[in-house]
Amino acid sequence: MKTLTLETAGADLVYDVRGPLPTSDGRPPLLMIGQPMSASGFAALAARFPERTVVTYDPRGLGRSVRKDGRTDHAPRTQADDVHAVIAALGAGPVEMFASSGGAVTALSVVEKYPSDVTTLVAHEPPLITLTPDGPAAVRARARVREAYEKRGWGAGMAAFVAMTSWVGEFTDAYFAQPAADPAAFGMPTQDDGSRDDPLLSDRSWAVSDYRPDADAITAAPTRVVIAVGEESENLLTARTSAAAAELLGQKAVVFPSHHGGFCGGEFGQPGKPDEFALRLRQVLDGAA
């Protein structure tokens, strides 16, 4: 694996290349992106594609990529410019892409702005909460997460986030009537370390979940776009956002094994099914599913 740094006006972008360029199999490189997940989150999945040249990267301001633009927000269109720059730096033509969570939102923006960059995009559980039928309630639920984080710190914020993302169905009055989630009940710290810069719990990533894809631009692009959803996510928030995104593009979401992090091993505390996930991803990329 080679680790490289691409210097741009707004950030120094660090990316990893597993395998040769040009590729040895004649297929495009396979680019895997997330947000706020960095390249480290794709180690298990990348290892299951030994025959492919796989590229991962850290979005600006996350992991090893240092931003120089003086901003703290994670705007999909800005990140789309970064991904475009990385693809250009590879010098290997358009790529195939697997993108998850906020990375899937960035990837949709890439297809809008740079339609010749990607041949096939598998967008896994994009958290586009304003597309859901209960969008205003979802926005309110998101605000409660930030409020808990601002008032009581990381543990309280993460407990509120888990409560939001594990709620089944639309956000009803019953959801908002619940007492504040107890971080101790989730094995999370109850003490406040004073930091308020977490990209998931602050408002720094609200531009991601507020994003509204340009359906006309995406469907007009030559890119084959597949919206993917985890089988264990059924009726949870990210499954509902995936269904809404697929509907916006005139398709149905394709079911993948496991949950929102189903491509991960046990490195983040909630093991997925990386073997089964990789098999499904290979089938979809090959056009067999």
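Among the residues of the stretch 94-106, which ones are within 15 Å of MET37 (Cα to Cα) and either in contact with a Gly (Cβ under 6 Å, 6 or more places away or on another chain) or open to solvent by 10 Å² or more (accessible area, probe 1.4 Å) (or both)? Lay out the reasoning, then the answer.
So in the stretch 94-106, the residues within 15 Å of MET37 (Cα to Cα) come out as 98-106.
Matches in the stretch 94-106: SER100, SER101, GLY103.
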- [ ] Go through the residues of the stretch 144-151 one by one and say whether even a single one is β-branched (Val, Ile, Thr), open to solvent by less than 10 Å² (accessible area, probe 1.4 Å) and touching a strand residue (DSSP E or B) at 6+ places or on another chain (Cβ under 8 Å).
- [x] no
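Please work out which residue is surrounded by the fewest Cβ atoms within 10 Å (Cβ to Cβ), limiting yourself to the stretch 257-269 and to residues that are of a type outside the set (S, T, N, Q) and within 16 Å of the chain's Cα centre (by Cα). Spell out the reasoning first.
First, the residues of the stretch 257-269 that are of a type outside the set (S, T, N, Q): 257, 259-269.
Now narrow it down to the ones that are within 16 Å of the chain's Cα centre (by Cα): 259-264, 268.
Details: HIS259: 22, HIS260: 23, GLY261: 24, GLY262: 25, PHE263: 30, CYS264: 25, PHE268: 13.
It comes out as PHE268.
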- [ ] Tell me which of these PRO59 doesn't satisfy, since it passes every other one: (1) within 20 Å of the chain's Cα centre (by Cα); (2) surrounded by fewer than 23 Cβ atoms within 10 Å (Cβ to Cβ).
- [x] (2)
Task: Some residue of the stretch 81-93 being of a type in the set (A, V, I, L, M, F, W, C), open to solvent by 30 Å² or more (accessible area, probe 1.4 Å), in contact with a strand residue (DSSP E or B) (Cβ under 6 Å, 6 or more places away or on another chain) and over 19 Å from LEU200 (Cα atoms) - done: yes
- [ ] Would you mention how many residues in the stretch 22-45 are buried (at least 23 other Cβ atoms within 10 Å of the Cβ) and free of Cβ contacts under 8 Å to residues at least 60 places away in the same chain?
- [x] 1
Task: Single unsatisfied condition, ARG140 versus (1) open to solvent by 30 Å² or more (accessible area, probe 1.4 Å); (2) farther than 24 Å from PHE42 by Cβ; (3) touching an Asp or Glu at 6+ places or on another chain (Cβ under 9 Å); (4) not small (Gly, Ala, Ser) - done: (3)
Task: Scan of the stretch 184-199 for residues that are loosely packed, with under 12 Cβ neighbours inside 10 Å and either touching a strand residue (DSSP E or B) at 6+ places or on another chain (Cβ under 6 Å) or closer than 27 Å to PRO59 by Cβ (or both), ordered by number - done: ASP193, GLY194, SER195, ASP197
Open item on the list: Condition (residue is among the basic types (Lys, Arg) and either surrounded by 24 or more Cβ atoms within 10 Å (Cβ to Cβ) or part of a loop (DSSP other than H, G, I, E, B) (or both)) applied to the stretch 2-19: is it met by at least one residue?
Closed with: no
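Okay, residues lined up against (1) in contact with a Lys or Arg (Cβ under 8 Å, 6 or more places away or on another chain); (2) surrounded by fewer than 23 Cβ atoms within 10 Å (Cβ to Cβ):
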site	(1), (2)
SER242	no, no
LEU249	no, yes
VAL255	no, yes
PRO271	no, yes
ALA278	yes, yes
Task: Lone unmet requirement of (1) open to solvent by 60 Å² or more (accessible area, probe 1.4 Å); (2) without any contact (Cβ under 8 Å) to a residue 40 or more places away in the chain for ASP203 - done: (2)
- [ ] Write out, first by first residue and then by second, each pair whose Cβ atoms fall under 8 Å of each other, whose residues are 6+ apart or on separate chains, and whose first residue, in the stretch 166-183, is loosely packed, with under 14 Cβ neighbours inside 10 Å while the second is polar (S, T, N, Q).
- [x] VAL168/ASN235; GLY169/ASN235
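The values are calculated or read from the model by the stated rules, or taken from the named source; none is laboratory data. Fair warning: this is a prediction, and the values are worked out from it, not measured in the lab. FYI the Cβ positions are ideal-geometry reconstructions off the backbone, even for glycines, and counts take in every protein chain you see. Each accessible area value is taken on the protein alone, full model and side chains, heavy atoms only, with ligands, DNA and RNA left out. Shrake-Rupley method; radii C 1.70, N 1.55, O 1.52, S 1.80 Å.
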